[in-house]
Amino acid sequence: MITEQFIPKKLDYLVDTVSYKWQTPSNIALVKYWGKRTPQIPKNVSISFTLNNCHTITSIEFEKSSDNKKVNFELFFEGKKNEAFKPKIAQFFERIKVYCPYVFEYDMIIDSSNSFPHSSGIASSASGLSAIAMCLMSLEKALNSNLSEDFLKKKASFLARLGSGSASRSIEGPLVVWGKHPDVDGSSDLFGVQFPFKVASVFENYQDAILLVDKGEKQVSSTVGHNLMHNHPYAAQRFIQASENLSEISQVLQNGDVDTFINIVESEALTLHAMMLTSNPYFILMKPNTLQIINKIWEFRNNTDSKICFTLDAGANVHVLYPEKEKEIVNQFIENELSKFCQNKQFILDFAGNGAKIL
Ligand code: PMV
């Protein structure tokens, strides 16, 4: 499937050497994307909080190439030349080359680093690929000054999506919807859009503490997990449920009903893992400490008037979500009661942020 609107019609190659540096965030889904068709088209709509502190910083130096038959790039990760990640980036360039023909015209030196430890179990593909997409869009703007800010963001999200689905939600913030949904005007399967409604004050600067339960390599990649949704016995109902949850959470984010927010968000997390448990082959990404933490969160919520809740990614780590005004008390609770379930007692305090920044 070729999407004409993102193929450049006119480019003036007046620039010989140029460099751009972008900081782009990770994100955490509230309604989860799980299941896709080629080329990275989601089977259901999703919405996420963009994070602030968990981000990637990437610079790309572009220099006019003498060999424009293939894509030439070098990759540095955390200051060192990296060959291991190159095939994934090469595959990304292969997928986007019709939309970014300039990747053949320039040699690229990509230099990338994350604000979070690489093997922390925090997916770096969302922030990593959105950062490359933003650098490419800065170059495209230099080759065609007529492009609007709106188009640049849309295309960056479109490109990032082709690298990793959830990366489409790592351009803007603090809330991004990806996937076509009747309640969200302008929403699309091709790129993420900013949540278009005014959000109740309780959800401003919403806190997310990421508890690092298991920092090892995942046993089952998300690519394999998405594919297992093809013949999944509960898939059809799951995709309907996600759409209904999007309608409901959209209302909740506007009217400030935190109890319903908690109900949807925790149910979405457990449903994601239920899809894994009921795939064939089946698999489990939660660890015993994931469940210990969930039980402790429920206990704390029952015994206090806290609005703390949890969500999970495709892994064992727990994202603890809570309103900004509970920051002090919940951070204490995490330090005193939850950090003992984390590897080396490690957790990262974060909150909903505003998306990509040029540096
Ligand atoms: O972007 P991918 O292909 O790594 O898929 C990520 C899917 C989840 O993180 C589990 C859910 C989501 O919506 O981010």
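In table form, for the structure just shown:
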| quantity | calculated |
| --- | --- |
| Subset of Lys21/Lys155; Lys43/Lys327; Lys9/Lys86; Lys296/Lys357; Lys36/Lys154; Lys64/Lys88 violating a 25 Å alpha-carbon distance limit | Lys43/Lys327; Lys9/Lys86; Lys296/Lys357 |
| Inverse mean reciprocal Cα-Cα distance (Kirkwood Rh) of the range 4-197, Å | 16.8 Å |
| Sequence-separation-based contact order of the range 72-196, relative, with Cα cut under 8 Å and 6+ spacing, percent | 20 percent |
| Stretch gain in nm, segment Val98-Thr223, where the contour uses 0.36 nm per residue and the Cα spacing is subtracted | 42.7 nm |
| Largest-first ordering by accessible area, 1.4 Å probe, given options Trp178, Trp22 | Trp22, Trp178 |
| Charged-residue dipole, Cβ positions (Lys, Arg, Asp, Glu), the range 201-351 about Cα centre, Debye nearest 20 | 560 debye |
| For the chain, built as a Gaussian network whose Cα springs stay under 10 Å, the top-fluctuating residue of Arg238, Arg95, Arg169 | Arg95 |
| Anisotropy class of the range 83-242 from Cα gyration tensor, a/c 1.5 cut | rounded |
| Estimated dipole of the chain in Debye, rounded to 20 [Cβ of Lys and Arg +1, of Asp and Glu -1, Cα centre] | 840 debye |
| Length-normalised contact order of the chain in % [C-alpha pairs under 8 Å, at least 6 apart] | 24 percent |
| Within the accessible area of the range 102-198 (1.4 Å probe), percent carbon and sulfur | 51 percent |
| Extension gain, Asn336 back to Leu147 (0.36 nm per residue minus Cα-Cα distance, nm) | 62.9 nm |
| Exposure of Ser59 as accessible area (Å², to 10), given a probe of 1.4 Å and all protein chains | 30 Å² |
| The range 300-340, accessible surface, carbon-and-sulfur percent (1.4 angstrom probe) | 41 percent |
| Cα-Cα P(r), the range 1-66, percent of pairs per 10 Å interval | 15, 23, 37, 22, 3 |
| D_trans [Stokes-Einstein, Kirkwood Rh over alpha-carbon pairs] for the chain, 4 °C, 1.567 mPa s, µm² s⁻¹ | 62 µm²/s |
| Candidate aspartates and glutamates - alpha carbon under 12 Å from Lys325, same-chain residues fewer than 8 apart omitted | Glu204 |
| Accessible-area value, Lys32, 1.4 Å probe, nucleic acids and ligands omitted, Å² | 10 Å² |
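The values are calculated or read from the model by the stated rules, or taken from the named source; none is laboratory data. Worth saying up front: this structure is predicted, and the values here are computed from it rather than measured. As a convention, Cβ positions derive from the backbone with ideal geometry for all residues, glycine included, and neighbour counts pool all protein chains shown. The area values use the complete protein model at the heavy-atom level, side chains included, leaving out ligands, DNA and RNA. Shrake-Rupley method; radii C 1.70, N 1.55, O 1.52, S 1.80 Å.
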